[in-house]
1. Past the 18 Å Cα-Cα mark, which pairs from LYS272/LYS295; LYS115/LYS262; LYS114/LYS174; LYS357/LYS452; LYS114/LYS158?
2. Which length gain, in nm to one decimal place, applies between SER543 and GLU470 when the Cα-Cα distance is subtracted from 0.36 nm times their residue separation?
3. Compute the distribution of all C-alpha to C-alpha distances in the stretch 162-235, in bins of 10 Å from 0, and list the percent of pairs in each, rounded to whole numbers.
4. What ³J(HN,Hα) values, in whole Hz, does the Karplus curve 6.51 cos²θ - 1.76 cosθ + 1.60 give for the stretch 272-289 when θ = phi - 60°, with x put for Gly and Pro?
5. Can you tell me the convex hull volume per residue for the stretch 705-788, based on C-alpha atoms, in Å³ to the nearest whole number?
6. Can you check what the net charge comes to around GLN573, using other residues whose Cβ is under 10 Å from the Cβ of GLN573 (Lys, Arg +1; Asp, Glu -1)?
7. If one puts a single equal scatterer on every Cα of the stretch 75-147 and applies the Debye formula without solvent, what log₁₀ I(q)/I(0) results at q = 0.19, 0.22, 0.23 Å⁻¹?
8. Quick one: Cα centre-to-centre distance for the stretch 463-494 and the stretch 186-250, in angstrom?
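Laboratory data are not the source of any read-out in this text; all were calculated from the coordinates shown. All of these numbers come straight from a predicted model, not from anything done at the bench. With ideal geometry, Cβ positions are generated from the backbone for all residues, glycine too; neighbour counts draw on all protein chains shown.
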Amino acid sequence: ESAREAESGDVSLSGRSDSMPLNALTPVVNRLQEAFAPLGIPPVDLPQIAVVGSQSSGKSSVLEALVGYDFLPRGTGICTRRPLILQLINENVDQDWAEFSHSPKKLYSFEEVKKEIELETAKVAGAGKAVSAEPIILRVHSKTAVDLTLVDLPGLTKVPVGDQPQDIANQIRKMVLEVIERPNCIILAVSAANQDIANSDGLQLARLVDPNGERTVGVLTKLDIMDAGTDARDVLEGRTYPLRHGYIGVVNRSQRDIDQGKSMMASMASEKKFFETHPAYSRVAHEQGSGFLSKRLNSLLEGHIRQVLPDISKKAKAMLREASEELTKYGDGGAQTSREQRAHVVSAIQGFCEDYKEAVLGVSRNLDDSRLYGSGCIREIFTSVFPDEVRQIDAKSELTDDDIHIVRRNAVGVKADLFVPNAAFETLVKRLIRKLEDPAGHCVRKVSEQLKVLLRDVVKTSPQVCRFDELKKRVWAECMRLLTEKTFQAAEFVQGIINMQVAYINTENPNFEKIRAGVYKLSMQAHQSTVSAREANDRESASQERRAAENKARPRGVKQGTFEVCVKGEWKQYFVKVVDKSMQLYSGKSDTSPLRTIPLEGCAVSDPESGNEVEIRSVTEKGWIRSKSESTRLRFKSAEEAATWSNIFRLMADSDVGIHGSSWSSASDSPEKRLSDRRSSMGMSAAASMGVHGSPSRRAAQSLSLTEREVLEAKVLRQLLEHYFRIVQASVIDSVPKAIMLTLVNSLQNNVYTHLMGSIYLHDDEALAALTRESEEVVRRRMEVIKLNLALRKAIAVMRDL
């Protein structure tokens, strides 16, 4: 209600502030300062003038000159230990008087004012030399003073004295900075003229918050006690350290003048005479002195107030709304009866669930806008992170050629296959689909982690839950239990999606059907082309080999001759002819019928051993275990002749392997030895093609001799696998986020209220009392909000009166 009243008052303020006289605005700020005084530092940036300087700069004397009375505590060390808000009010009164905001008593003696300041300082800051940021507000009603508001801050110091804390310098510095860093604060930096201006503590601190000197006014004191022959004219004219509002010199009463009771009127007359008669300052005397300083500050302050007062009204109105909402959430204190405690718990749970719902929907005011958060991060997981992980599983890299060949041959078995076996396709595609389990599980865990972050932040920021420490801990524990349960359910559901894809390989899928038909058609065309090309190549190769063999078998006219031949161990001279892949032995050249015919086809021919002998071994009877063979040896006249006939025999036998390189045993080996060698060879071949447990090893698979048809079918199988797996990937990318939203995100949101209400015992009075016990922080914060609420109501009432 106060906020609504402030809105109507704000229009009046913005409409009249420009037309109000200057001396009517300063009292408004004075009243705002009084309204915010209980808070220490005002929550809104009020226009004010802060007096800053070191303890020895003459700061107190400047203030007393502006007021016209001696009213500030004096002594050695630090004198101003609490900020003093000095409000000068120009009124037509019979006698000047003063009053404090904490007391309605009018004080006509400024000695009493000094004692009251000392008393109030000791009451808050102690009797020693400690400081406090809580201000004292003093109003002075005078017919000679100008409307002005000043904040006298403790003097800057560097070394603690007496019982002051060791960090007193840092405490004062922090207190001063908190006041002067506000943009609406005009800084009155007091410096002693008899010291180097570069070492001025007041100007150094002002430069930190106002580096360009836009809102700083320089005041030079002690001009009358500078060394003979020196002056501060360069500083006053802004040539040493320029400020936008310049410098004003003043001459204050000395300690001797104070001890002798020199009046303020007499002091100001002496000051005026000093500037008018001094050769360095006479030209600028009209812009120097305490009187000019007070008028200049009044003009600056009034103009600043006129500029910022409408914004102050709007800000105070907004702060009142926020404070009222926060106070409503904190309530009016702890519950006393079981009924009130139960109502508090139910209300806190309802408020928490509403806050969590807003956070999930992305409309919470407590969202972290500096990064992806909550529902925004979950959406990023669904649309980017999870699909990328799924697409990284590539059928090309996951299945090697050896994998496809081995699975295909295992699927065919001992039966002849007509085309790509379906069992091999299903085995391999199921192996690929199982690899999607990891990305799907990661997606569930990542979404669960984001929901955990949301729950944690809502528990921390939900005011109704944060009021009670035990209730906060209980809500957090139950939310984690429910989140774990829902995460497990979501993981099972997502695993079911993968199992579903594995359970039924739908090769009738319309998208896959089109691809399959196209792949088969192209593969058949490629197969026919390959077969035709292979047949043509085979015919050409056979023709070339036949012509080459015929040419090679034609031994330059030598196909007969007379040689010594050893038959059945007896050497005898025969006439030898090679006819139709057989060797015929004649007793003489004139004989027409051969004595013996030895077939050369399939026999083994040796290289000449002794240089001019060749041995021919032919099999006369074949068997599985035993074979009968016959050996014939020929002796030639020279090694060259022996080599020529050896080549002829070898061509007739269609074999280029001699005895020393052949796989059969020598003639001296027994049949048992040959059988043992054959069995050993068979065993070694079988062992080489089997793994440890009898399955084909990877090395054996790599050395598989593949037909052109097998290579083509493996290529077709790979293409079908890749296409079908892409269809499954698209389905999983679409289905898994939907499943997680259903079983985890939405289910958690819909069931959190029911779960909390069912798990927290609302019928146990002792448990309710423990759950609704407020923390000290909540009690403290409630009192702060109450004070802020009252101060803002007063401030808005002041501005509404305008």
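1. Among LYS272/LYS295; LYS115/LYS262; LYS114/LYS174; LYS357/LYS452; LYS114/LYS158, the Cα-Cα distance tops 18 Å for LYS115/LYS262; LYS114/LYS174; LYS114/LYS158.
2. Here the answer is 16.5 nm.
3. Bins of 10 Å from zero give 17, 41, 29, 12, 0 percent of pairs.
4. Once θ is set to phi - 60°, the couplings for the stretch 272-289 become 4, 5, 4, 6, 6, 9, 6, x, 7, 10, 4, 5, 10, 4, 6, 10, 10, x Hz.
5. 266 Å³
6. +1
7. With one equal scatterer per Cα and no solvent, log10 I(q)/I(0) is -0.79, -0.97, -1.03.
8. Taking the Cα centre of the stretch 186-250 as reference, the centre of the stretch 463-494 is 63 Å away.
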